[in-house]
Amino acid sequence: MQRTEANILADNYESVRLLTKWYISKLKDVDMKKEFIVEGKSLNSAYWLVAHLIWAENFLLLQALGGKSTDIPWLEKFKIGSKLSELNKDVPEVKQLLEAWKEIHPAAMQHIRSLSDETLAKDNPMGFGFGGDNSHRMMIQHAIRHEAMHTGHLSWLCKLYGVGTI
């Protein structure tokens, strides 16, 4: 595979995803919808984190980069600011979440890898940005940071569940 900037960014995302998947695999025997209360604050459940990461990959790496978005009806329930406790009972089972992830992830990686250096430097179609940068490149970099941050949350949840990770 040619070492283009797009391929390097996709490889970085894939690296973070492997760690995310590893933590999720550690949580397969727990109640993933359980919300822990720490210092009086409710933490996002593992279920919400997984669903939110699926939404984020679709939003940040497909919609915001001009790719073909998926048509998963429940996805928008897990956008920024949503809370599992406020959703109605009509949410997918964990198995459905993981099936959706298997659909979205390859499409997102293929789309990233298709981007030229010139496209990476252009403003993304959503106009979404950080620090005055709303390029395609920044959107991918943000998606990498976003996934890694929530992977850290999954690692904390493993500790709270008493699931060993070392």
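Inclusion of Leu19 among residues that are touching a residue at least 60 places away in the same chain (Cβ under 8 Å) and open to solvent by 40 Å² or more (accessible area, probe 1.4 Å) is warranted.
Filter region 44-77 down to the residues that are over 15 Å from the mean Cα position of the chain (by Cα) and small (Gly, Ala, Ser), then identify the one that is most open to solvent (accessible area, probe 1.4 Å). Looking at the filtered set, the residue picked out is Gly66. Just for helices (runs of 4 or more DSSP H) wholly inside region 78-166: which have at least 2 residues that are open to solvent by less than 30 Å² (accessible area, probe 1.4 Å)? The helices (runs of 4 or more DSSP H) meeting that bar are 94-113, 136-161.
The values are calculated or read from the model by the stated rules, or taken from the named source; none is laboratory data. Please read these numbers as outputs of a predicted model, since none were measured by experiment. Here the Cβ is made from the backbone with ideal geometry for all residues, glycine too, and neighbour counts use every protein chain on show. Ligands, DNA and RNA are excluded from the accessible area calculation, which covers all protein heavy atoms including side chains. Shrake-Rupley method; radii C 1.70, N 1.55, O 1.52, S 1.80 Å.
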